[in-house]
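Peer 1: Take this structure first; my questions come after.
The values are calculated or read from the model by the stated rules, or taken from the named source; none is laboratory data. All figures in this text were calculated on a predicted structure; none of them were measured in a lab. Here Cβ is always computed from backbone atoms with ideal geometry, including for glycine, and neighbour counts include all displayed protein chains. The protein model used for the area step is the full one, side chains on, heavy atoms only, and it has no ligands, DNA or RNA in it. Shrake-Rupley method; radii C 1.70, N 1.55, O 1.52, S 1.80 Å.
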Amino acid sequence: MSASAAVLPNRPLVLVVEDEAGIADVLVAYLRRDGLDAQVARDGPQALEMFRRLRPDFVLLDIQLPGIDGVEVLREIRAESDAPVMMVTARAEDLDKLLALRLGADDYVVKPFSPPEVVARVRAVLRRTGRAPVPAQELIRAGRLEIDLQAHSARVTEAGAPAQELPLTLTEYRLLACLASQPQRCFTRGQLVEACLPESEALDRVIDSHLSKLRRKLALAGLPELIETVRGVGYRLWPAS
């Protein structure tokens, strides 16, 4: 899956500035798995261009970069923004650390590092700087459909009758929750892959197969037209009354 896919809505965005593709891909995978969005810049000039265009909530910034080094990128960012920045480098000398922090870095990590630890520190800085996401609601209602985000379950309600639990796989649940979170909004296949299969290398068309199975289960529960195909674009959910 490309690390440069479209930015997802309602997720804090982390700009990963790293010229080593393997390290960048691992960081992106762990960040997305933790519910954050992530985009990658491969050199200093691209980092500044993407920072100004995307306005990320957090920057993971390698010091040794082609074009413009990370220290200069940090100077440029600090001249125009207070977005949190964590410096990532293979050099552990105290002078590097003190220089980065004096220029306004919020944290500093040295390679080799543990990706889960990096993600935890990103979360900590987001909380400390007031940029952490607002906790999601626990229950999504879209017409007769109810999705419990804490229990990872979905059911169909009917007046005067017990709610009918939907026997969904994890991917089907994620797809339904994503679509129901913004009813009537059209999601592209790529956005659904990023939101619901972040750890997968699945192609966009794999979503069609999962949604076909999800639709059959919804039809059996009395909601045959809940999910609409938008030809050439993707899918959207229409609340069922």
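Peer 1: Restricting to segment 25-39, what's the tally of residues that are surrounded by 23 or more Cβ atoms within 10 Å (Cβ to Cβ) and part of a strand (DSSP E or B)?
Peer 2: The number of residues fulfilling the criteria is 2.
Peer 1: Does residue 127 satisfy the criteria of being among the charged types (D, E, K, R), modelled with pLDDT of 80 or more, surrounded by fewer than 15 Cβ atoms within 10 Å (Cβ to Cβ) and closer than 30 Å to residue 176 by Cα?
Peer 2: Yes; evaluated as a whole, the condition is true for this residue.
Peer 1: In segment 226-239, how many are touching a residue at least 60 places away in the same chain (Cβ under 8 Å) and either loosely packed, with under 12 Cβ neighbours inside 10 Å or part of a strand (DSSP E or B) (or both)?
Peer 2: Going through segment 226-239 one residue at a time, the tally reaches 1.
Peer 1: Oh, and also: Looking only at segment 144-156, filter to residues that are in contact with a Leu (Cβ under 8 Å, 6 or more places away or on another chain) and small (Gly, Ala, Ser); which one of those is most open to solvent (accessible area, probe 1.4 Å)? I'd like the intermediate steps shown before the answer.
Peer 2: Initial filter on segment 144-156 (in contact with a Leu (Cβ under 8 Å, 6 or more places away or on another chain)): 144-149, 152-156.
Remaining after also requiring small (Gly, Ala, Ser): 153-154.
Numbers: 153: 21, 154: 2 Å².
Filtering segment 144-156 for residues that are in contact with a Leu (Cβ under 8 Å, 6 or more places away or on another chain) and small (Gly, Ala, Ser), the one most open to solvent (accessible area, probe 1.4 Å) comes out as 153.
Peer 1: Also: In segment 72-100, what residues are modelled with pLDDT of 90 or more, surrounded by 12 or more Cβ atoms within 10 Å (Cβ to Cβ) and of a type in the set (Gly, Ala, Ser)?
Peer 2: 81, 83
Peer 1: Does residue 67 satisfy being open to solvent by 30 Å² or more (accessible area, probe 1.4 Å), assigned to a loop (DSSP other than H, G, I, E, B) and not aromatic (Phe, Trp, Tyr)? Talk me through it step by step, then tell me what you get.
Peer 2: Working: open to solvent by 30 Å² or more (accessible area, probe 1.4 Å): yes; assigned to a loop (DSSP other than H, G, I, E, B): yes; not aromatic (Phe, Trp, Tyr): yes.
Spelling it out, residue 67 is indeed open to solvent by 30 Å² or more (accessible area, probe 1.4 Å), assigned to a loop (DSSP other than H, G, I, E, B) and not aromatic (Phe, Trp, Tyr).
Peer 1: Looking at residue 53, is it of a type outside the set (A, V, I, L, M, F, W, C) and either in a loop (DSSP other than H, G, I, E, B) or on the phi > 0 side of the Ramachandran plot (or both)?
Peer 2: Numbers: of a type outside the set (A, V, I, L, M, F, W, C): yes; either in a loop (DSSP other than H, G, I, E, B) or on the phi > 0 side of the Ramachandran plot (or both): no.
Criteria not met by residue 53.
Peer 1: For residue 48, state whether it is at pLDDT 90 or above, surrounded by 15 or more Cβ atoms within 10 Å (Cβ to Cβ) and in a strand (DSSP E or B). Step through it out loud before you land on a result.
Peer 2: Values: at pLDDT 90 or above: yes; surrounded by 15 or more Cβ atoms within 10 Å (Cβ to Cβ): yes; in a strand (DSSP E or B): no.
Judged against the criteria, residue 48 is not a match.
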